[in-house]
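Trainee: There's a structure below that I have some questions on.
Just so you know, all these numbers are worked out from the coordinates, no wet-lab data involved. Please read these numbers as outputs of a predicted model, since none were measured by experiment. Reconstructed Cβ throughout: ideal geometry from the backbone, glycine too, with neighbour counts over all protein chains shown.
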């Protein structure tokens, strides 16, 4: 399956939090937000003798001894215990991000880093929740983008768990 960019989402800077992925238009419950390829790396490439590298903040756990960097905006989605989207591994080296409820234009798209939307297992970093969106999904769907651009700030601590039924050898 091929990969295409979408105009449904954009990356914006969030004060005190870093970058995040936002809806540019109404995204419907169940709609695929983004399908992204991943680069699989040995976990050792994200660590040095003095600790994790900046890249480790953008990695998903992938398979035994490996991590994956999701391309597209895949490594920029922030964590929430009240997610409006989820991610799943697809066959091969890909992740799919899908809405689990309607997402309003301008609303941040967030996933639960534990993999399952209802999983309340503590994560390994301090949680900084965005302000809840006051926007309710409206119709019509079209809304112009804001034009904001992402910048090169610190990574946001994103070692997401891969939830998949793929065998380990299919992930390396």
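Trainee: Can you pull the one-decimal nm distance between simple spin-label points at residue 11 and residue 119, each 7 Å off the Cα toward Cβ?
Mentor: Label at residue 11, label at residue 119, 2.4 nm between them.
Trainee: Can you compute the modelled spin-label distance between residue 48 and residue 29, with each label point 7 Å from Cα toward Cβ, in nm?
Mentor: The modelled label-to-label distance comes out at 4.8 nm.
Trainee: Which distance in Å, rounded to a whole number, links the C-alpha centroids of the range 1-65 and the range 89-103?
Mentor: Computed from Cα coordinates, the inter-centre distance equals 12 Å.
Trainee: Sort 76-84, 34-42 by the packing proxy (mean of other Cβ within 10 Å over each peptide's residues), most packed first.
Mentor: 76-84, 34-42
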